[in-house]
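Below is one structure, written out as structure tokens; the observations come after it.
The values are calculated or read from the model by the stated rules, or taken from the named source; none is laboratory data. Remember, predicted model here, so these are calculated numbers, not experimental data. For neighbour counting, all protein chains shown are included, and Cβ atoms are generated from backbone atoms with ideal geometry for every residue, glycine included. Areas reflect the complete protein model, heavy atoms only, side chains present, ligands, DNA and RNA absent. Shrake-Rupley method; radii C 1.70, N 1.55, O 1.52, S 1.80 Å.
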Amino acid sequence: MPPAFPMLTVLSMFYYMCLRRRARTATRGEMNSRRAIESNTRALPINVEIVQYAKEVLDFSSHYGSENSMSYTMWNLAGIPNVYPSSGDFTQTAVFRTYGTWWDRCPSARLPFTRTPSTFCSQDYVELAFEEPVYPTAVHILETYHPGAVVRILACSANPYSQNPPAEVRWEILWSEAPTKVNGPQARQFTPCIKQINFPTNLIRLEVNSSLLDYYTELDAVVLHGVKERPVLSLKTSMIDMNDIDEDEDEEKFACGMDNLNKQFSIVTLREWPTNGYFDKLPYELIQLILSHLTVPDLCRLAQTCKLLYQHCCDPLQYIHLSLQPYWARINDTSLEYLQSRCTLIQWLNLSWTGNRGAISVSGFSRFLKVCGSELVRLELSCGHFLNETCLEVITEMCPNLQELNLSSCDKIPPQAFNHIAKVGRLKRLILYRTKVEQTALLSILNFCSELQHLSLGSCVMIEDYDLIASMMGAKCKKLRSLDLWRCKNITESGIAELASGCQLLEELDLGWCPTLQSSTGCFTNLARKLPNLQKLFLTANRSVCDTDIEELAANCTHLRQLDILGTRMVSPASLRKLLESCKDLSLLDVSFCSQIDNRVVLELNANFPNVFIKKSFTQ
């Protein structure tokens, strides 16, 4: 019984430190106003509030639209509203590439990383620049269709229009919440209660999660309210909410508190249990298993407690799979150097969204891979704008076992750099969505990477002849299972014929917004007959898709699970009934803007086939 008292003493000290820190924070007015400040609080001095729309879209992870137009692109978020307060599907809005959980249920779906903190659920982001740096008082997001995707709003200390970039770039979370299901697709103005920050900002980042949505979310504009001078809060009463004690806010100060607590805990521990109690009597493997449930920051904190746990927390076996994407705002060269000795056996590495604005240098990234790249099998680098040709060269030299490479939206990599990827002969998955890969480099990759199973070339606008690319795939990539040719502008029935003849294992094919494909040439019929394993087929915005194509799919592709024929004018309810009766596994059918499929037909089909999500979009 006596050994429990030192622990109670430590816990008491911990709560006392947290409460004292919160109380001190409250008197300075830096506490979260939503949870900690009474409604009778007022700001002094009174500043004139500045209201401004986004001036420019600086960066984003994906969008539904084309790189060469404004329809459904993130660039629509700049400026005043185009649509709001109207509701519906409008091309003048900003739309991300995915929605729902359909992309997680198709053959190209990737396995998730373990140890992802439950608080991180972001799937996409967009960064917006405003004219004037202000201390934010409110952020209004004008959502015009299927709202509810925004899960986090952040502010940055860096001024994108300043000639003198700061030595340190800070990101502060203004608001964060788990995804929520909003009843109805109608437009709304979303104004969450944001936290006060201690620096002015004109760079706002929205992060979204569309997994609960029934269709694509559409954003029209973002309004930033703020004042030029930092508000000084006058508190009549300071209310401290115990729920406000979390590790997300004031993390550096909390870390200092933890250091002090660890020192106190160490003194007590060494005095009472000089042999680490019974913990060091557990099998090494069991302790490793227990620690495998901790997040990376928790592992780093736990390593400070005692030598035994330090040894376990630094064991490279704890870092076989490592995702640093949830911590993108804090990852820099120092972070990589700190983790370097622990990652010598790493096989999966996720650095997506990290390193931008100088946080990770080419030399820092190269040093890390030279030590930790030999066992790498999977490397996620989505939106890594620090990447250049040197980085790709280092990847191909230092990662001989690499099988999966994600360069999605790495639009700063020069075209010639992609030639290096051809040296990675074991590649099974390659994602080049929204990159500047050119035809010569891609042909070389396809020629030497014959093990490819999953390939994404969506929105790759610098490829001149997709028929030649499709022909090379048919000749060299016999194991291909999924292919994304979203918004490919020049593929014809000739390329489709070569592809279907050579890649008969295809289970997933995205030909959305490919305007040069015409049903009258028999290209879709040919696909249906030669690709019986198809589970996902997107023919989005192809107005020529007709009943014959649907009936061929019903007859030959009975494993079909997802079909998008948005925009066709030539498909009748009768052919859809045949498809639904034949394809028992079908779970998604998008018939938005199909002129022959009205709401009455959709209701009837939903009644007869309740297991299929049949989407019919609208515009008011």
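May I ask you to derive the relative contact order of region 478-619, considering only C-alpha pairs under 8 Å and at least 6 residues apart, and to give it as an integer percent?
The value is 18 percent.
Can you send over the solvent-accessible area of K195, 1.4 Å probe, protein chains only, in Å² to the nearest 10?
20
Which lysines have a Cα lying under 16 Å from the Cα of K412, excluding residues fewer than 8 positions away in the same chain?
Within the straight-line limit of under 16 Å, K412 reaches these lysines: K436.
Students often get this wrong, so check it: of K489/K584; K536/K616; K423/K479; K181/K584, which have C-alpha atoms separated by over 26 Å? Display every interim value, and only then the final one.
Values: K489/K584 33 Å; K536/K616 18 Å; K423/K479 19 Å; K181/K584 28 Å.
As for pairs spanning more than 26 Å Cα to Cα, those are K489/K584; K181/K584.
Grab the other residues whose beta carbon is less than 11 angstrom from that of S471, score K and R as +1, D and E as -1, and report the net.
For residues surrounding S471, the net value is -2.
Sort H454, H321, H559 by heavy-atom solvent-accessible area, probe 1.4 angstrom, most to least. Provide the component values of the computation, followed by the final result.
Numbers: H454 15, H321 60, H559 95 Å².
The ranking, largest first, comes out as H559, H321, H454.
When only the heavy atoms of the protein chains count and the probe is 1.4 Å, how do H312, H225, H293 rank by accessible area, highest first?
H293, H225, H312
Can you give the accessible area of E177, probe radius 1.4 Å, in Å² rounded to 10?
For E177, the solvent-accessible surface is approximately 90 Å².
Taking 8 Å as the Cα distance limit and 6 or more residues as the minimum spacing, I'd like the relative contact order of region 405-486 as a percentage.
31
Please identify the chymotrypsin sites (Phe, Trp or Tyr not before Pro) of region 274-359 that satisfy two criteria: DSSP loop assignment and at most 12 other Cβ atoms within 10 Å. Which are they?
Taking region 274-359 and a limit of 12 other Cβ atoms within 10 Å, the loop chymotrypsin sites (Phe, Trp or Tyr not before Pro) found are Y278.
Given Cβ point charges of +1 (Lys, Arg) and -1 (Asp, Glu) and nothing else, what value in debye, to the nearest 20, does the dipole of region 478-619 about its Cα centre take? Please list the in-between numbers first.
Working: 17 positive and 16 negative charges, 33 e Å.
Dipole about the Cα centre, nearest 20: 160 debye.
Using a/c under 1.5 as the rounded threshold, could you call region 395-507 rounded, prolate or oblate? The axes a ≥ b ≥ c are square roots of the C-alpha gyration tensor eigenvalues, and prolate needs a/b larger than b/c, oblate otherwise.
Taking the square roots of the gyration eigenvalues as a ≥ b ≥ c, region 395-507 is oblate.
Quick one: grab the alpha carbon gyration tensor of region 478-619, order the square roots of its eigenvalues as a ≥ b ≥ c, and give me rounded if a/c is under 1.5, else prolate or oblate depending on whether a/b is larger than b/c. Present the calculation step by step, with values, prior to reporting the outcome.
Numbers: a/c = 1.89, a/b = 1.42, b/c = 1.33.
Prolate.
Over the heavy atoms of F538, what accessible area does a 1.4 Å probe trace out, to the nearest 10 Å²?
Number for this one is 10 Å².
In Å², what does the accessible area per residue of region 503-620 work out to with a 1.4 Å probe?
Result: 40 Å² per residue.
Just want to confirm a number: the relative contact order over region 305-357, from Cα pairs under 8 angstrom separated by 6+ residues, in percent.
Once normalised by length, the contact order is 49 percent.
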